[in-house]
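This report concerns only the one structure given below.
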Amino acid sequence: MVSSSTSAYDWNFGDGKEEPIHRIHSYPAKFPAFITTKALQYAEREGVNVKVVADVFCGCGTTAVEAKRSGKNFWGCDINPVATLIARVKTCHYRDALLARYFGAIQEEFHRTEPSPESRARVSDRIRYWFEEQNIEDLIRLDQAIRRHIPVNSPYRKFFHCGFSNILKPASRWLTKSIKAQLDPHKSPRGVMKAFEEQFALMRKANRQNRFPAPEPQVCIRTRNFLASQKPAYRADLIVTSPPYVTSYDYADIHQLSTLWLGYASDYRALRKNMLGNQYGVKPTEPGAIKELGSGAWKTYRALLREDRCKARSVARYFLDMDKAVVKCGRMLNHGGIAVFVIGNTQYKGVRIDNAAHLAERMERADFHRVETVRRKVSWKIMTPYRNARGRFTRDSTQRKVYGEEFVVIGRK
Ligand SMILES: C[S@@+](CC[C@H](N)C(=O)[O-])C[C@H]1O[C@@H](n2cnc3c(N)ncnc32)[C@H](O)[C@@H]1O
(Lines give C-alpha, C1' and ligand atoms only; values in the text may rest on other atoms or scores of the structure.)
Protein backbone atom coordinates (compact mmCIF):
# COMPACT_ATOMS: atom_id res chain seq x y z
CA MET A 1 0.00 0.00 0.00
CA VAL A 2 1.31 3.49 -0.81
CA SER A 3 1.59 5.52 2.35
CA SER A 4 1.30 9.26 2.58
CA SER A 5 3.18 10.52 5.60
CA THR A 6 4.41 13.64 7.25
CA SER A 7 7.57 11.62 8.12
CA ALA A 8 9.81 12.56 11.00
CA TYR A 9 12.33 13.48 8.35
CA ASP A 10 11.91 17.16 7.43
CA TRP A 11 12.12 18.05 3.73
CA ASN A 12 10.88 21.60 4.21
CA PHE A 13 13.59 24.12 4.71
CA GLY A 14 17.25 24.50 3.89
CA ASP A 15 19.82 26.72 5.44
CA GLY A 16 18.85 29.96 3.74
CA LYS A 17 19.93 31.70 0.57
CA GLU A 18 21.14 29.60 -2.36
CA GLU A 19 24.87 29.79 -3.03
CA PRO A 20 26.02 31.84 -6.05
CA ILE A 21 26.74 28.70 -8.12
CA HIS A 22 23.02 27.88 -8.10
CA ARG A 23 22.22 31.39 -9.32
CA ILE A 24 24.51 31.70 -12.34
CA HIS A 25 21.68 30.99 -14.79
CA SER A 26 17.93 31.12 -14.36
CA TYR A 27 16.09 27.82 -14.83
CA PRO A 28 12.37 27.15 -14.32
CA ALA A 29 11.35 24.64 -11.64
CA LYS A 30 14.90 24.30 -10.35
CA PHE A 31 14.66 22.66 -6.96
CA PRO A 32 16.46 23.90 -3.84
CA ALA A 33 19.99 22.57 -3.40
CA PHE A 34 19.30 21.24 0.09
CA ILE A 35 16.97 18.57 -1.32
CA THR A 36 20.05 16.66 -2.50
CA THR A 37 21.98 17.00 0.73
CA LYS A 38 18.90 15.91 2.66
CA ALA A 39 18.40 12.95 0.32
CA LEU A 40 22.03 11.92 0.83
CA GLN A 41 21.68 12.09 4.62
CA TYR A 42 18.41 10.21 4.40
CA ALA A 43 19.89 7.42 2.25
CA GLU A 44 22.90 7.04 4.50
CA ARG A 45 20.70 6.97 7.58
CA GLU A 46 18.78 4.16 5.87
CA GLY A 47 22.04 2.24 5.54
CA VAL A 48 22.74 2.86 1.84
CA ASN A 49 26.42 3.26 1.01
CA VAL A 50 26.05 5.95 -1.66
CA LYS A 51 28.82 5.99 -4.23
CA VAL A 52 26.89 7.13 -7.30
CA VAL A 53 24.04 9.64 -7.41
CA ALA A 54 21.90 10.04 -10.55
CA ASP A 55 19.43 12.65 -11.74
CA VAL A 56 17.59 11.50 -14.84
CA PHE A 57 15.92 14.91 -15.43
CA CYS A 58 18.93 16.88 -14.26
CA GLY A 59 17.86 20.35 -15.46
CA CYS A 60 20.51 22.93 -14.63
CA GLY A 61 22.45 20.49 -12.44
CA THR A 62 21.36 21.23 -8.87
CA THR A 63 21.68 17.58 -7.84
CA ALA A 64 24.91 17.22 -9.81
CA VAL A 65 26.65 20.06 -7.98
CA GLU A 66 25.59 18.92 -4.52
CA ALA A 67 26.45 15.27 -5.20
CA LYS A 68 29.92 16.17 -6.44
CA ARG A 69 30.50 18.48 -3.49
CA SER A 70 29.58 15.64 -1.16
CA GLY A 71 32.23 13.47 -2.80
CA LYS A 72 29.82 11.30 -4.82
CA ASN A 73 30.14 10.35 -8.47
CA PHE A 74 27.25 11.60 -10.58
CA TRP A 75 25.38 10.56 -13.71
CA GLY A 76 22.66 12.75 -15.17
CA CYS A 77 20.80 13.56 -18.33
CA ASP A 78 18.40 16.12 -19.68
CA ILE A 79 16.80 16.47 -23.08
CA ASN A 80 17.25 20.25 -23.07
CA PRO A 81 20.75 21.25 -24.32
CA VAL A 82 20.54 24.59 -22.48
CA ALA A 83 20.03 22.67 -19.23
CA THR A 84 23.04 20.43 -19.78
CA LEU A 85 25.21 23.41 -20.76
CA ILE A 86 24.46 25.03 -17.39
CA ALA A 87 24.84 21.76 -15.49
CA ARG A 88 28.25 21.08 -17.03
CA VAL A 89 29.49 24.56 -16.18
CA LYS A 90 28.26 24.33 -12.59
CA THR A 91 30.04 21.03 -12.01
CA CYS A 92 33.37 22.13 -13.45
CA HIS A 93 36.00 24.06 -11.53
CA TYR A 94 37.74 26.74 -13.60
CA ARG A 95 41.15 28.33 -13.08
CA ASP A 96 40.44 31.88 -11.98
CA ALA A 97 43.48 33.40 -13.72
CA LEU A 98 42.50 31.82 -17.03
CA LEU A 99 38.91 33.04 -16.70
CA ALA A 100 40.20 36.58 -16.14
CA ARG A 101 42.58 36.32 -19.12
CA TYR A 102 39.83 35.07 -21.46
CA PHE A 103 37.45 37.73 -20.23
CA GLY A 104 40.01 40.48 -20.90
CA ALA A 105 40.60 39.15 -24.43
CA ILE A 106 36.85 38.97 -25.12
CA GLN A 107 36.30 42.53 -23.88
CA GLU A 108 39.15 43.84 -25.96
CA GLU A 109 37.95 42.07 -29.11
CA PHE A 110 34.37 43.23 -28.48
CA HIS A 111 35.41 46.89 -28.52
CA ARG A 112 37.87 46.52 -31.40
CA THR A 113 36.17 44.39 -34.05
CA GLU A 114 33.11 44.68 -36.25
CA PRO A 115 30.93 41.59 -36.72
CA SER A 116 32.01 39.51 -39.71
CA PRO A 117 29.47 38.49 -42.41
CA GLU A 118 29.66 34.86 -41.14
CA SER A 119 28.86 35.93 -37.58
CA ARG A 120 25.93 38.00 -38.86
CA ALA A 121 24.68 35.11 -40.97
CA ARG A 122 24.42 32.93 -37.87
CA VAL A 123 21.61 35.10 -36.57
CA SER A 124 18.20 34.20 -37.97
CA ASP A 125 15.17 36.48 -38.32
CA ARG A 126 13.56 34.51 -35.54
CA ILE A 127 16.31 35.73 -33.16
CA ARG A 128 16.36 39.28 -34.55
CA TYR A 129 12.67 39.61 -33.77
CA TRP A 130 13.48 39.76 -30.04
CA PHE A 131 16.19 42.42 -30.10
CA GLU A 132 16.75 46.05 -30.92
CA GLU A 133 19.31 46.75 -33.62
CA GLN A 134 22.11 47.94 -31.32
CA ASN A 135 21.83 44.93 -29.03
CA ILE A 136 21.79 42.49 -31.92
CA GLU A 137 25.04 44.02 -33.23
CA ASP A 138 26.60 43.88 -29.76
CA LEU A 139 25.53 40.32 -29.14
CA ILE A 140 26.95 39.22 -32.49
CA ARG A 141 30.19 40.97 -31.61
CA LEU A 142 30.31 39.34 -28.18
CA ASP A 143 29.54 35.87 -29.51
CA GLN A 144 32.19 36.33 -32.18
CA ALA A 145 34.77 37.36 -29.57
CA ILE A 146 33.99 34.27 -27.45
CA ARG A 147 34.28 31.98 -30.47
CA ARG A 148 37.54 33.57 -31.64
CA HIS A 149 39.34 33.44 -28.32
CA ILE A 150 38.28 30.16 -26.79
CA PRO A 151 38.85 26.78 -28.44
CA VAL A 152 35.72 24.93 -29.58
CA ASN A 153 35.84 22.00 -27.19
CA SER A 154 37.24 23.84 -24.21
CA PRO A 155 35.16 23.84 -21.02
CA TYR A 156 35.96 27.58 -20.91
CA ARG A 157 33.92 28.09 -24.10
CA LYS A 158 30.98 26.51 -22.23
CA PHE A 159 31.54 28.83 -19.26
CA PHE A 160 31.34 31.96 -21.42
CA HIS A 161 28.46 30.64 -23.50
CA CYS A 162 26.54 29.90 -20.31
CA GLY A 163 27.06 33.54 -19.25
CA PHE A 164 26.09 34.70 -22.74
CA SER A 165 22.92 32.59 -22.58
CA ASN A 166 21.83 34.14 -19.29
CA ILE A 167 22.04 37.73 -20.56
CA LEU A 168 19.97 37.07 -23.68
CA LYS A 169 16.59 37.69 -22.06
CA PRO A 170 17.56 40.85 -20.12
CA ALA A 171 19.14 42.21 -23.32
CA SER A 172 16.02 41.41 -25.36
CA ARG A 173 12.42 42.61 -25.48
CA TRP A 174 11.20 39.34 -23.91
CA LEU A 175 8.67 40.18 -21.20
CA THR A 176 10.69 40.00 -17.97
CA LYS A 177 10.19 36.75 -16.01
CA SER A 178 7.50 35.57 -18.41
CA ILE A 179 7.49 31.82 -19.03
CA LYS A 180 5.65 32.39 -22.30
CA ALA A 181 7.31 33.91 -25.33
CA GLN A 182 5.87 37.44 -25.11
CA LEU A 183 7.25 40.70 -26.38
CA ASP A 184 7.23 43.68 -24.01
CA PRO A 185 6.91 46.83 -26.12
CA HIS A 186 7.67 49.02 -23.06
CA LYS A 187 10.82 47.28 -21.93
CA SER A 188 14.24 48.96 -21.94
CA PRO A 189 16.58 46.07 -22.65
CA ARG A 190 19.89 45.99 -20.81
CA GLY A 191 23.09 47.00 -22.56
CA VAL A 192 24.98 43.91 -23.70
CA MET A 193 28.50 44.52 -22.36
CA LYS A 194 27.32 45.89 -19.01
CA ALA A 195 25.08 42.86 -18.50
CA PHE A 196 27.90 40.52 -19.54
CA GLU A 197 30.38 42.13 -17.15
CA GLU A 198 27.99 41.68 -14.23
CA GLN A 199 27.24 38.14 -15.30
CA PHE A 200 30.95 37.37 -15.48
CA ALA A 201 31.53 38.82 -12.01
CA LEU A 202 28.75 36.63 -10.58
CA MET A 203 30.05 33.50 -12.31
CA ARG A 204 33.63 34.17 -11.29
CA LYS A 205 32.65 34.60 -7.64
CA ALA A 206 30.50 31.45 -7.82
CA ASN A 207 33.39 29.51 -9.32
CA ARG A 208 35.78 30.63 -6.58
CA GLN A 209 33.39 29.42 -3.89
CA ASN A 210 32.49 26.21 -5.69
CA ARG A 211 34.90 23.75 -4.09
CA PHE A 212 34.96 20.01 -4.75
CA PRO A 213 36.76 17.41 -2.65
CA ALA A 214 39.97 15.80 -3.92
CA PRO A 215 40.24 13.51 -5.76
CA GLU A 216 37.43 15.08 -7.77
CA PRO A 217 34.40 12.79 -8.10
CA GLN A 218 33.43 11.87 -11.66
CA VAL A 219 30.54 13.67 -13.30
CA CYS A 220 28.86 12.53 -16.50
CA ILE A 221 26.09 14.70 -17.95
CA ARG A 222 24.38 13.71 -21.19
CA THR A 223 22.01 15.61 -23.45
CA ARG A 224 19.44 12.94 -24.20
CA ASN A 225 15.95 11.63 -23.87
CA PHE A 226 15.97 9.48 -20.75
CA LEU A 227 13.28 7.26 -22.20
CA ALA A 228 15.12 6.56 -25.43
CA SER A 229 17.33 3.58 -24.59
CA GLN A 230 16.24 0.32 -23.01
CA LYS A 231 19.46 -0.42 -21.16
CA PRO A 232 20.14 1.48 -17.95
CA ALA A 233 22.54 4.26 -18.70
CA TYR A 234 24.39 3.77 -15.45
CA ARG A 235 24.05 2.13 -12.07
CA ALA A 236 23.31 4.37 -9.12
CA ASP A 237 22.75 4.00 -5.38
CA LEU A 238 20.59 7.09 -5.08
CA ILE A 239 18.40 8.86 -7.62
CA VAL A 240 17.37 12.41 -6.75
CA THR A 241 15.24 13.92 -9.44
CA SER A 242 12.35 16.17 -10.25
CA PRO A 243 10.38 15.19 -13.35
CA PRO A 244 8.66 17.85 -15.43
CA TYR A 245 5.07 18.44 -14.38
CA VAL A 246 2.34 17.99 -16.88
CA THR A 247 0.67 21.24 -18.02
CA SER A 248 3.56 23.20 -16.57
CA TYR A 249 6.61 24.64 -18.35
CA ASP A 250 7.41 24.43 -22.04
CA TYR A 251 11.20 24.28 -21.71
CA ALA A 252 11.78 24.45 -25.48
CA ASP A 253 9.80 27.66 -25.71
CA ILE A 254 11.33 29.26 -22.63
CA HIS A 255 14.91 28.62 -23.81
CA GLN A 256 14.38 29.45 -27.46
CA LEU A 257 16.74 32.46 -27.48
CA SER A 258 19.65 30.40 -26.12
CA THR A 259 18.80 27.33 -28.21
CA LEU A 260 18.73 29.28 -31.45
CA TRP A 261 21.70 31.47 -30.70
CA LEU A 262 23.98 28.70 -29.53
CA GLY A 263 22.97 26.60 -32.56
CA TYR A 264 21.40 23.67 -30.67
CA ALA A 265 18.51 23.60 -33.14
CA SER A 266 17.50 25.59 -36.19
CA ASP A 267 13.88 25.33 -35.04
CA TYR A 268 13.56 25.23 -31.27
CA ARG A 269 10.14 23.55 -31.55
CA ALA A 270 11.93 20.37 -32.68
CA LEU A 271 13.14 20.00 -29.08
CA ARG A 272 9.58 19.61 -27.83
CA LYS A 273 9.21 16.25 -29.47
CA ASN A 274 10.27 13.95 -26.62
CA MET A 275 9.89 16.31 -23.71
CA LEU A 276 7.72 14.84 -21.00
CA GLY A 277 4.58 16.81 -20.34
CA ASN A 278 4.78 18.47 -23.75
CA GLN A 279 1.31 19.31 -25.02
CA TYR A 280 2.09 20.10 -28.66
CA GLY A 281 1.40 17.65 -31.45
CA VAL A 282 0.50 14.78 -29.11
CA LYS A 283 -1.27 12.14 -31.19
CA PRO A 284 -4.19 10.10 -29.82
CA THR A 285 -2.81 7.37 -27.60
CA GLU A 286 -3.37 3.85 -28.94
CA PRO A 287 -6.44 2.27 -27.26
CA GLY A 288 -4.26 -0.56 -25.90
CA ALA A 289 -1.93 1.89 -24.20
CA ILE A 290 -4.76 3.84 -22.59
CA LYS A 291 -5.79 0.64 -20.82
CA GLU A 292 -2.38 0.64 -19.17
CA LEU A 293 -3.17 3.82 -17.24
CA GLY A 294 -3.41 3.32 -13.49
CA SER A 295 -6.80 3.88 -11.85
CA GLY A 296 -6.14 7.49 -10.74
CA ALA A 297 -4.62 8.41 -14.09
CA TRP A 298 -7.60 6.88 -15.89
CA LYS A 299 -10.06 8.97 -13.85
CA THR A 300 -8.08 12.14 -14.53
CA TYR A 301 -8.00 11.32 -18.24
CA ARG A 302 -11.76 10.76 -18.35
CA ALA A 303 -12.45 14.01 -16.47
CA LEU A 304 -10.18 15.96 -18.82
CA LEU A 305 -11.80 14.45 -21.92
CA ARG A 306 -14.96 16.30 -20.98
CA GLU A 307 -13.04 19.62 -20.84
CA ASP A 308 -10.40 19.46 -23.56
CA ARG A 309 -9.53 16.43 -25.73
CA CYS A 310 -6.03 17.66 -26.59
CA LYS A 311 -5.17 18.26 -22.97
CA ALA A 312 -6.56 14.85 -22.01
CA ARG A 313 -4.32 13.21 -24.61
CA SER A 314 -1.21 15.04 -23.48
CA VAL A 315 -1.90 14.15 -19.84
CA ALA A 316 -2.42 10.48 -20.76
CA ARG A 317 0.82 10.52 -22.74
CA TYR A 318 2.59 12.11 -19.76
CA PHE A 319 1.35 9.42 -17.35
CA LEU A 320 2.42 6.67 -19.74
CA ASP A 321 5.85 8.26 -20.18
CA MET A 322 6.24 8.62 -16.42
CA ASP A 323 5.46 4.90 -16.07
CA LYS A 324 8.40 4.15 -18.36
CA ALA A 325 10.63 6.58 -16.48
CA VAL A 326 9.82 4.90 -13.16
CA VAL A 327 10.61 1.44 -14.56
CA LYS A 328 13.91 2.73 -15.98
CA CYS A 329 14.84 4.34 -12.66
CA GLY A 330 14.15 1.01 -10.95
CA ARG A 331 16.53 -0.75 -13.34
CA MET A 332 19.23 1.86 -12.76
CA LEU A 333 19.30 1.44 -9.01
CA ASN A 334 21.65 -1.00 -7.31
CA HIS A 335 20.07 -3.43 -4.90
CA GLY A 336 18.95 -1.53 -1.80
CA GLY A 337 19.19 1.82 -3.61
CA ILE A 338 16.75 4.67 -3.06
CA ALA A 339 14.87 6.94 -5.46
CA VAL A 340 13.72 10.37 -4.33
CA PHE A 341 11.32 12.16 -6.68
CA VAL A 342 10.21 15.74 -6.08
CA ILE A 343 6.92 16.44 -7.81
CA GLY A 344 3.90 18.74 -7.55
CA ASN A 345 0.25 18.30 -8.31
CA THR A 346 -1.39 20.49 -10.92
CA GLN A 347 -4.86 21.48 -12.04
CA TYR A 348 -6.50 22.11 -15.36
CA LYS A 349 -9.96 23.66 -15.73
CA GLY A 350 -10.85 22.49 -12.25
CA VAL A 351 -9.58 18.94 -12.83
CA ARG A 352 -6.99 17.98 -10.25
CA ILE A 353 -3.98 16.17 -11.72
CA ASP A 354 -2.45 14.17 -8.91
CA ASN A 355 1.06 13.56 -10.24
CA ALA A 356 2.40 12.49 -6.84
CA ALA A 357 -0.24 9.79 -6.25
CA HIS A 358 0.25 8.51 -9.78
CA LEU A 359 4.01 8.35 -9.30
CA ALA A 360 3.73 6.51 -5.99
CA GLU A 361 1.29 3.99 -7.49
CA ARG A 362 3.60 3.30 -10.43
CA MET A 363 6.61 2.91 -8.16
CA GLU A 364 4.78 0.19 -6.26
CA ARG A 365 3.96 -1.47 -9.54
CA ALA A 366 7.61 -1.30 -10.61
CA ASP A 367 8.61 -3.19 -7.44
CA PHE A 368 9.86 -0.31 -5.38
CA HIS A 369 9.06 -1.03 -1.76
CA ARG A 370 8.25 1.07 1.31
CA VAL A 371 7.04 3.82 -1.02
CA GLU A 372 6.18 6.92 0.96
CA THR A 373 4.93 10.37 -0.02
CA VAL A 374 5.89 13.36 2.06
CA ARG A 375 4.28 16.77 1.64
CA ARG A 376 6.73 19.66 1.39
CA LYS A 377 5.96 23.36 1.64
CA VAL A 378 7.25 25.61 -1.11
CA SER A 379 7.74 28.24 1.60
CA TRP A 380 7.10 31.86 0.64
CA LYS A 381 4.87 31.29 -2.38
CA ILE A 382 1.91 30.51 -0.11
CA MET A 383 1.11 34.15 0.67
CA THR A 384 0.87 35.12 -2.99
CA PRO A 385 -0.29 31.99 -4.79
CA TYR A 386 -0.77 33.42 -8.32
CA ARG A 387 1.49 34.91 -10.96
CA ASN A 388 0.54 37.70 -13.31
CA ALA A 389 1.58 38.04 -16.97
CA ARG A 390 4.80 39.75 -15.86
CA GLY A 391 5.71 36.73 -13.77
CA ARG A 392 5.16 38.59 -10.48
CA PHE A 393 3.53 36.92 -7.51
CA THR A 394 0.02 38.18 -6.76
CA ARG A 395 -3.11 37.32 -4.76
CA ASP A 396 -5.33 37.83 -7.80
CA SER A 397 -7.08 34.48 -8.26
CA THR A 398 -7.83 35.14 -11.95
CA GLN A 399 -4.10 34.76 -12.66
CA ARG A 400 -1.96 31.63 -13.19
CA LYS A 401 -1.81 29.49 -10.05
CA VAL A 402 1.48 28.81 -8.30
CA TYR A 403 1.50 25.75 -6.12
CA GLY A 404 2.31 26.22 -2.43
CA GLU A 405 3.30 22.63 -1.82
CA GLU A 406 4.96 19.72 -3.53
CA PHE A 407 5.71 16.12 -2.67
CA VAL A 408 8.77 14.04 -2.04
CA VAL A 409 8.04 10.49 -3.16
CA ILE A 410 10.57 7.96 -1.92
CA GLY A 411 10.98 4.29 -2.76
CA ARG A 412 13.54 1.55 -2.22
CA LYS A 413 14.79 -1.20 -4.53
C1 LIG B 1 11.59 20.07 -13.14
S2 LIG B 1 12.89 20.17 -14.29
C3 LIG B 1 14.28 19.60 -13.39
C4 LIG B 1 14.95 20.72 -12.65
C5 LIG B 1 16.17 20.27 -11.89
N6 LIG B 1 15.83 19.51 -10.72
C7 LIG B 1 17.00 21.49 -11.50
O8 LIG B 1 17.16 21.74 -10.28
O9 LIG B 1 17.43 22.21 -12.38
C10 LIG B 1 12.53 18.81 -15.35
C11 LIG B 1 13.53 18.60 -16.48
O12 LIG B 1 13.16 17.45 -17.23
C13 LIG B 1 13.66 17.63 -18.54
N14 LIG B 1 13.04 16.63 -19.45
C15 LIG B 1 11.80 16.65 -19.99
N16 LIG B 1 11.62 15.55 -20.74
C17 LIG B 1 12.76 14.82 -20.69
C18 LIG B 1 13.19 13.58 -21.26
N19 LIG B 1 12.39 12.87 -22.06
N20 LIG B 1 14.44 13.12 -20.97
C21 LIG B 1 15.27 13.85 -20.17
N22 LIG B 1 14.93 15.04 -19.62
C23 LIG B 1 13.68 15.52 -19.85
C24 LIG B 1 13.34 19.09 -18.83
O25 LIG B 1 14.14 19.59 -19.87
C26 LIG B 1 13.63 19.75 -17.47
O27 LIG B 1 14.92 20.27 -17.43
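General observations
- Considering only N153, N49, N278, the mean-square fluctuation computed in a Gaussian network model of the chain, springs between alpha carbons under 10 angstrom, is largest for N153.
- Listed values for segment 24-40 are Karplus-derived 3J(HN,Hα) couplings in whole Hz (6.51 cos²θ - 1.76 cosθ + 1.60, θ = phi - 60°), namely 6, 8, 5, 7, x, 6, 5, 9, x, 4, 5, 4, 5, 5, 5, 5, 5, and x replaces Gly and Pro.
- Size check on the chain: the Cα extents along the three principal axes, sorted descending, read 68, 52, 42 Å.
- For the pair segment 79-129 and segment 164-207, the centres of their Cα atoms are 14 angstrom apart.
- Semi-axis lengths, Å, segment 1-153, gyration tensor of Cα atoms, sqrt of 5 times eigenvalues: 40, 18, 14
- For the chain: accessible area per residue (Å², 1.4 Å): 46 Å²
- Helix-only CD estimate at 222 nm, as mean residue ellipticity for the chain, using -39500 (n - 2.57) per DSSP H run (n ≥ 4): -12500 deg cm²/dmol
- Amide H within-cut-off set for I353, under 5 Å, with H built and near neighbours excluded: T346, Q347, Y348
- For segment 96-209, the fraction of alpha-carbon pairs lying more than 23 Å apart is 29 percent, rounded to a whole number.
- The apolar share of the surface of the chain, taken as the fraction of accessible area on carbon and sulfur atoms (1.4 Å probe, ligands and nucleic acids excluded), comes to 49 percent.
- Pairs from K30/K299; K17/K180; K299/K349; K30/K377; K72/K205 whose Cα-Cα separation, in the structure shown, is over 18 Å: K30/K299; K17/K180; K72/K205
- Greater than 31 Å apart at Cα, pairs in K51/K177; K68/K328; K169/K231: K51/K177; K169/K231
- Long-range amide H partners of V340 with built H, under 5 Å: I239, V240, T241
- Backbone geometry of segment 55-63 corresponds, through the Karplus equation with coefficients 6.51, -1.76 and 1.60 at θ = phi - 60°, to 3J(HN,Hα) couplings of 9, 7, 10, 6, x, 8, x, 4, 5 Hz, x marking Gly and Pro.
- Candidates per trypsin sites (Lys or Arg not before Pro) in segment 65-163, loop by DSSP, up to 11 other Cβ within 10 Å: R95
- Cross-link partners of K324 among aspartates and glutamates, defined as those whose alpha carbon lies under 15 angstrom from its own and excluding same-chain residues fewer than eight positions apart: E292, E361, E364, D367.
- Relative compactness, segment 110-151, computed as alpha-carbon Rg over 2.2 N^0.38 Å: 1.12
- Note, ³J(HN,Hα) from phi for segment 196-207, Karplus 6.51, -1.76, 1.60, rounded to Hz, x at Gly and Pro: 5, 4, 5, 4, 4, 4, 5, 5, 5, 4, 4, 5
The values are calculated or read from the model by the stated rules, or taken from the named source; none is laboratory data. Fair warning: this is a prediction, and the values are worked out from it, not measured in the lab. Here the Cβ is made from the backbone with ideal geometry for all residues, glycine too, and neighbour counts use every protein chain on show. Just so you know, the surface numbers come from the protein's heavy atoms only, side chains and all, with ligands and any DNA or RNA stripped out. Shrake-Rupley method; radii C 1.70, N 1.55, O 1.52, S 1.80 Å.
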